[in-house]
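Colleague: Just dropping this structure here.
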Amino acid sequence: MTEPITLLAPPAAPVEHTEKHLHGLTLTDDYAWLRDKENPEVTKYLEAENAYAEAVTAPLAPLREQLYDEMLSHIKQTDISVPYRDGDYWYYTRTEEGLQYAIHCRKKGGEAGPREYTAEEVILDGNAMAAGLPFFAIGAIDISDDGRWMAYSVDTTGFRQYTLKIIDLHTGETLSGSVGRVGSVVWAADSFNLFYTVEDQEQKRQYQLYRHMRGTPYAADLLVFEEADERFNLGAGRTRDGKYLIMESSSHTTTECHYLPADKPEDDFRVIAPRKDNHEYYVDHRNDLWFIRTNDVGRNFRLVTAPVDSPEPENWTEQVANRPDVMLEEIDLFSTFYVACERKDGLPHMRSFRFIGAGPLTESAVEIAFPEPAYSAHPHINRVFETTTFRYAYQSLVSPASVYEYDPENGASKLLKEQEVPGGFDRTLYASERVHATAADGVKVPISLVYRKDQFRQGKPGSNPLYVYGYGSYGYSLPLGFGSNRLSLLDRGVVMAYAHIRGGGDLGTPWHDAGKMLVKRNTFSDFVACVEYLTAAGYGDPARVAVEGGSAGGLLMGAIVNLRPNLFRVVVSHVPFVDVMNTMLDASLPLTVPEYEEWGNPNEEQYFKYMLSYSPYDNLKHGSYPTILVKTSLHDSQVMYWEPAKYVAKLRTLKTDSNPLLLVTNMKAGHGGASGRYDYLKEIAFDYAFLLRELAIVGQKSLTNTAKAVFRAKNKTAKCF
């Protein structure tokens, strides 16, 4: 039995009062000093908070270790991905038990698959590369058309600043020199010229495109393009048929695409359609036609084609119309067919169109069938243009991740691999549902649910603790993937719900529009409505509600706690964007200016006052709050560590209850937390132990004999408690 949490005296942050005056109002900030990352007092304070959190949760250590063991038992530690073809090789990644990072490999082969007699080539071993580093992540990878040269980038701090290098895959030699702050990387057709984007160090946006000639000094690289508008980021890639390089300049609401023949890298890029505010478009190429996904006539996008030499909008011909209830999210284009990836009622759909000859005309669409009420499906890795099949990934809240190969000729899908879940997993024990809550303004908000059937007792208050996850920003559609870690909560009777609230893209671009800028509060009220519906409908005990969100979802957590603190028992907030006003008023910070198109520009009075009305940090007040666990990372480049640190410091002075309030800072990572898979698993075990204690769930999970055997045989070297 785990001992109850004992409250200790939390660390006190010194107060240094600062003020900002704007639009007739005054913003006070007692903790602005925490922004000074180089100040040893800041480090001292963060470490004191970490020590406090560890002391408070020390009684949970046995439960954390138990949860870690459980979650590890459900992971096939030595595994291999489905190989995919690119040129003369088949590429894949594999993992080995006890090692933190994936190993990237390839074998030679033809259409039928890798040749069995060819030797495996290890092209990147994350474990060797990460040796001695506190953090390690691979960014971009691109391999030249001749299969010999690999350009790749790595981040060793967590700040998402990647360094570019080139390897000769025939010899294993790394070429001399490197470039920092690199984003996109793409080879031209000659396997000699390499294009890459570089970020502005202060604003942290990709703003320059360079051309590098392999073997020459990087200092001599040619600046091809510089994006002057601070709202825009640059990206570069190739069309699937390999014939064109595409340079895309994009803001949150506007795009502009330029093209260059891949076999003429020294030529100038040409624009397809000049940028126009609130017009987004994305391009691919087939048989001298551009295939353009555009929102020029409707927010949910349509598909048009245009001749390569005259791509102006007046020459666009519609192939798939804009529909108010269906979002056209992506087009996967191949030589004889294409797949339209769409979203309807919050769920992904895929329709296949077979071309009639060389032109854009197609046969009637055929929809790929998916069997469950709530699921996630998206294109897998499809590098070959001249192909007769299409790979897609599928999973659900109860079905493990799978890769299928679809044949447009006969409409059949063949399973290539389903992720193995060891440790006694039985999918028939679990069920998922799709329900809808009614928002304050009458809008129906989808909710996806998963629970263990033999532990779910609907309509009996007090029988099931409830966990609700939310995000609701940037038009991001909440994926409904399988998570074996989730079994540790489900098997203890927790009902888990995922709220598809406005501000996300779950019901298309209009759903995003209805939860940003001057209607952002819809995101928060939608989430509250979802929790209220779930408890009223008997899906969970109103006294045992846990909620979680991260980044912009952390903003959601802060806002709903200020709105309805008594609705939740425990809140887990990861890297939360809670200091909205101070961040958005500081244009020198990374990402601030581009974000004006999501939140509004607070230098304009209407946006200032609206944002101030929900900013979590600015709306804290005296009163009772639920138990709150806030997690951040010192090297976070998206939401600076000081936002959650300031939030917790201020809340400590205002809360009148005795519920735990913890701040945990990973001093060696960035926005996504720990980079190693075992280290990341320990972070989840910490969160789950905290949740389970606060939801009054104690005791050991009922384990199958298989799981117990796995625990006994488990490799202890992978555990670091």
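Rule-based calculations on the coordinates, nothing more; no lab input. Owing to the predicted nature of the structure, the values given are computational and were not obtained by experimental measurement. As a convention, Cβ positions derive from the backbone with ideal geometry for all residues, glycine included, and neighbour counts pool all protein chains shown.
Colleague: Which log10 I(q)/I(0) values does region 358-496 give at q = 0.19, 0.21 Å⁻¹ under the Debye formula, counting every alpha carbon as one identical point scatterer?
Modeller: Log10 of I(q)/I(0), two decimals: -1.21, -1.34.
Colleague: For the Cα atoms of the chain, what angle does the longest principal axis make with the long axis of helix 642-654, in degrees from 0 to 90, nearest 10?
Modeller: The angle comes out near 20 degrees.
Colleague: Whole-Hz ³J(HN,Hα) for each residue in region 617-633, computed from phi via Karplus 6.51 cos²θ - 1.76 cosθ + 1.60 with θ = phi - 60°, x for glycine and proline: what do you get?
Modeller: Per residue, the Karplus-derived 3J(HN,Hα) values read 4, 7, 10, 5, 8, 4, x, 8, 10, x, 5, 9, 10, 10, 10, 8, 9 Hz.
Colleague: In region 147-296, if every C-alpha pair distance is counted and binned at 5 Å from zero, what percent goes to each bin?
Modeller: Calculated over all Cα pairs of region 147-296, the distribution is 2, 9, 18, 21, 20, 16, 9, 4, 1, 0 percent.
Colleague: For LYS453, which aspartates and glutamates qualify as cross-link partners when the Cα separation must be under 12 Å and same-chain residues fewer than eight apart are set aside?
Modeller: ASP426, GLU433, ASP491
Colleague: Averaged over every viewing direction, what's the projected area of the C-alpha convex hull for region 527-672? Give it in nm², one decimal, please. Walk me through the intermediate numbers first.
Modeller: On the way: hull surface 36.3 nm².
Mean projected area of the Cα convex hull: 9.1 nm².
Colleague: Which lysines, on any chain, are close to LYS444 with Cα under 25 Å apart, when same-chain ones fewer than 8 places away are left out?
Modeller: LYS444 reaches LYS344, LYS460, LYS516, LYS520.
Colleague: Along its principal axes, what span do the Cα atoms of region 316-428 show, with the longest given first and each in whole Å?
Modeller: So the three principal-axis extents are 54, 33, 21 Å.
Colleague: Which residue, chosen from VAL366, GLY538, THR627, occupies the Cα position most advanced towards the positive end of the dipole of the chain, where the dipole is computed from +1 (Lys, Arg) and -1 (Asp, Glu) charges on Cβ about the Cα centre?
Modeller: Of VAL366, GLY538, THR627, it is GLY538.
Colleague: Here's a follow-up. By a straight-distance test (C-alpha under 15 Å), which aspartates and glutamates pair with LYS108 as possible cross-link partners, with residues fewer than eight away in the same chain excluded?
Modeller: Here the aspartates and glutamates satisfying the reach criterion relative to LYS108 are ASP86, ASP88, GLU116, GLU120, GLU121, ASP145, ASP146.
Colleague: Counting Lys and Arg as +1 and Asp and Glu as -1, what is the net charge of the other residues whose Cβ lies under 9 Å from the Cβ of PRO83?
Modeller: Values: positive: ARG85, ARG106, LYS107; negative: none.
Net charge around PRO83: +3.
Colleague: About the Cα centre of the chain, what is the dipole size in debye to 20, counting +1 per Lys and Arg Cβ and -1 per Asp and Glu Cβ, all else neutral?
Modeller: On the way: 74 positive and 96 negative charges, 532 e Å.
Dipole size: approximately 2560 debye.
Colleague: Any idea how far apart LEU25 and HIS170 come out in nm if each label point goes 7 Å out from Cα toward Cβ?
Modeller: The answer from the label model is 6.5 nm.
Colleague: Can I ask one more? Over region 331-393, consider all pairs of different Cα atoms and compute the Kirkwood hydrodynamic radius from their mean reciprocal separation; express it in Å, one decimal. Walk me through the numbers before you get to the answer.
Modeller: Values: mean 1/r = 0.0798 Å⁻¹.
After inverting the pairwise mean of 1/r, the radius is 12.5 Å.
Colleague: Please determine, in degrees from 0 to 90 and to the nearest 10, the orientation of helix 521-536 with respect to the longest principal axis defined by the Cα atoms of the chain, where the helix direction is its Cα long axis.
Modeller: 60
Colleague: What is the diffusion coefficient of region 182-230 in µm²/s, taking the Kirkwood radius over Cα pairs and the Stokes-Einstein relation at 37 °C with a viscosity of 0.692 mPa s?
Modeller: On the way: Rh = 11.3 Å.
My calculation gives 290 µm²/s for D.
Colleague: OK, next. Taking a temperature of 25 °C and a viscosity of 0.890 mPa s, what whole-number D in µm²/s does Stokes-Einstein yield for region 426-576 with Rh from Kirkwood over alpha carbon pairs?
Modeller: Working: Rh = 15.3 Å.
In µm²/s, the coefficient is 161.
Colleague: Please compute P(r) over all alpha-carbon pairs of region 569-611, binned at 5 Å starting from zero, and give each bin as a whole-number percent.
Modeller: 5, 21, 30, 20, 10, 8, 5, 1
Colleague: Have a look at region 235-338 and give its Rg and Dmax from the Cα atoms, expressed in angstrom.
Modeller: Computed over the Cα atoms of region 235-338, radius of gyration and Dmax are 13.2, 44 Å.
Colleague: Kindly provide the pair-distance distribution of region 368-435 built from C-alpha pairs, with 5 Å bins from 0 and whole-percent values in order of increasing distance.
Modeller: Going out from 0 Å in 5 Å bins, region 368-435 shows 4, 15, 23, 22, 16, 11, 6, 3, 0 percent.
Colleague: In whole Hz and in residue order, list the ³J(HN,Hα) couplings for region 209-215 that follow from phi through the Karplus curve 6.51 cos²θ - 1.76 cosθ + 1.60, θ = phi - 60°; x for Gly and Pro.
Modeller: Result, ordered by residue: 10, 10, 10, 10, 9, 3, x Hz.
Colleague: Turning to a different aspect of this structure: Check each of the GluC sites (Glu not before Pro) in region 393-472 and keep only those in coil by DSSP with at most 13 other C-beta atoms within 10 angstrom; list them in order. Walk me through the numbers before you get to the answer.
Modeller: Numbers: sites: GLU405, GLU409, GLU418, GLU420, GLU433; in loops: GLU409, GLU420.
Listed in order of number, the matching sites are GLU409, GLU420.
Colleague: If each Cα of region 478-566 is one equal point scatterer, what is log10 of I(q)/I(0) from the Debye formula at q = 0.21 Å⁻¹?
Modeller: -1.16
Colleague: Just the number, please: Stokes-Einstein D of region 1-126 in µm²/s, Kirkwood Rh from C-alpha pairs, 10 °C, 1.306 mPa s.
Modeller: On the way: Rh = 20.6 Å.
Rounded to a whole number, D works out at 77 µm²/s.
Colleague: Oh, and also: So what's the back-of-envelope 222 nm ellipticity for the chain, counting only DSSP H runs of four-plus at -39500 (n - 2.57) apiece and dividing by all residues, rounded to 500? Don't skip to the end; give the middle numbers.
Modeller: Details: 13 runs with 130 residues, N = 721.
Value at 222 nm, helices only, nearest 500: -5500 deg cm²/dmol.
Colleague: What is the order of LEU654, LEU662, LEU124, LEU480, fewest Cβ neighbours within 10 Å to most? Each step should come with its number before you reach the end.
Modeller: On the way: LEU654 11, LEU662 21, LEU124 18, LEU480 25.
Ranked by crowding around the Cβ, least crowded first: LEU654, LEU124, LEU662, LEU480.
Colleague: Right, here's the next one. Just to be sure I understand, if you calculate log10 I(q)/I(0) by the Debye sum over Cα atoms at q = 0.06, 0.08, 0.12 Å⁻¹ for this structure, which of [x] -0.38, -0.68, -1.54; [y] -0.37, -0.68, -1.69; [z] -0.39, -0.69, -1.36 do you get?
Modeller: Read-out taken from this structure: [y].
Colleague: Per the Kirkwood formula on distinct C-alpha pairs, the Rh of region 100-150 is how many angstrom?
Modeller: Answer for region 100-150: a Kirkwood hydrodynamic radius of 12.9 Å.
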